[in-house]
């Protein structure tokens, strides 16, 4: 695909896009000619990311503050989005996720303090799964009106193979179920839904939380012997958003350097 502008003139909303993987996806979309709405909890960070990406690519951009775990915040997000895009949305990337918390990730279920059982699981679920649900709900009406759309869900390999951090595993697995339902129900409106299921991607939120020995051990797990780059996730997202994947829906594309091969 290279630098082809395969999303020329389209409009996309990417949640959790002021930094990390979401920011890389937004940059890749902009390079492909797509107008970008960046959403994150911080209006200032969203606006700064949108201004920088727009300045480099020449596409239209907007930064919007939103907490996707709150339905009313998502409703306001889509009101602002609709005014900016004149009611058009071609691509939604449900990328927003609960911040990586080593304590939650590293604590086995049986060792979880009883008082933390519900808040740990629900905090992650409300951001990752319910946030994806709220955004998808709002996006569907816009896409159905134009009989066109691509919805990309961001999941994680624990959803496919399990892990010891059950709050993250449960939320990311729920996202895959939602994706399949959307693909099944809305294909007749030419709306596609797919997921990127990510392995170890080198972002500050994860990479910098591991000591050098663990980073190296994780890299050696992959046949490619390294961590993935956020920009590589961006390229995969462009593929799923574009007409290059026009007959692909309801699928999970694993981006993990080859760890999951079955």
Return the residues of the range 206-223 that are in contact with a helix residue (DSSP H, G or I) (Cβ under 8 Å, 6 or more places away or on another chain) and part of a helix (DSSP H, G or I); say none if nothing qualifies.
207, 215
Can you name the condition, by its number, that residue 15 falls short on among (1) over 18 Å from the mean Cα position of the chain (by Cα); (2) under 23 Å from residue 190 (Cβ atoms)?
(1)
Complete set of residues in the range 224-242 that are touching a strand residue (DSSP E or B) at 6+ places or on another chain (Cβ under 9 Å) and in a helix (DSSP H, G or I)
230, 232, 233, 236, 237, 239, 240, 241
Hey, any hits in the range 173-195 for a residue that's surrounded by 15 or more Cβ atoms within 10 Å (Cβ to Cβ) and out of contact with any strand residue (DSSP E or B) (no Cβ under 8 Å at 6 or more places or on another chain)?
yes
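Can you list the helices (runs of 4 or more DSSP H) found entirely within the range 1-99 that contain at least 1 residues being touching a strand residue (DSSP E or B) at 6+ places or on another chain (Cβ under 9 Å), surrounded by fewer than 18 Cβ atoms within 10 Å (Cβ to Cβ) and modelled with pLDDT under 95?
43-57
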The lone exception for residue 140 - which of (1) within 21 Å of residue 242 (Cβ to Cβ); (2) crowded, with 23+ Cβ neighbours inside 10 Å; (3) free of Cβ contacts under 8 Å to residues at least 60 places away in the same chain it fails
(2)
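Could you tell me whether residue 108 is surrounded by fewer than 21 Cβ atoms within 10 Å (Cβ to Cβ), modelled with pLDDT under 95 and either closer than 30 Å to residue 81 by Cβ or in contact with a helix residue (DSSP H, G or I) (Cβ under 6 Å, 6 or more places away or on another chain) (or both)?
no
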Looking only at residues that are free of Cβ contacts under 8 Å to residues at least 60 places away in the same chain and under 17 Å from residue 157 (Cα atoms) in the range 230-250, which one is farthest from the chain's Cα centre (by Cα)?
232
Identify, from the list 114, 213, 145, the residue that is at pLDDT below 95, more than 17 Å from the chain's Cα centre (by Cα), surrounded by fewer than 18 Cβ atoms within 10 Å (Cβ to Cβ) and more than 18 Å from residue 22 (Cα to Cα).
213
Failed criterion for residue 158 (all others in (1) within 16 Å of the chain's Cα centre (by Cα); (2) at pLDDT 95 or above; (3) buried (at least 17 other Cβ atoms within 10 Å of the Cβ) hold)
(2)
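The values are calculated or read from the model by the stated rules, or taken from the named source; none is laboratory data. Just so it is clear, the model here is predicted, and its values are computed rather than measured. Every residue, glycine as well, gets a Cβ built from its backbone with ideal geometry; the counts of neighbours run over all protein chains shown.
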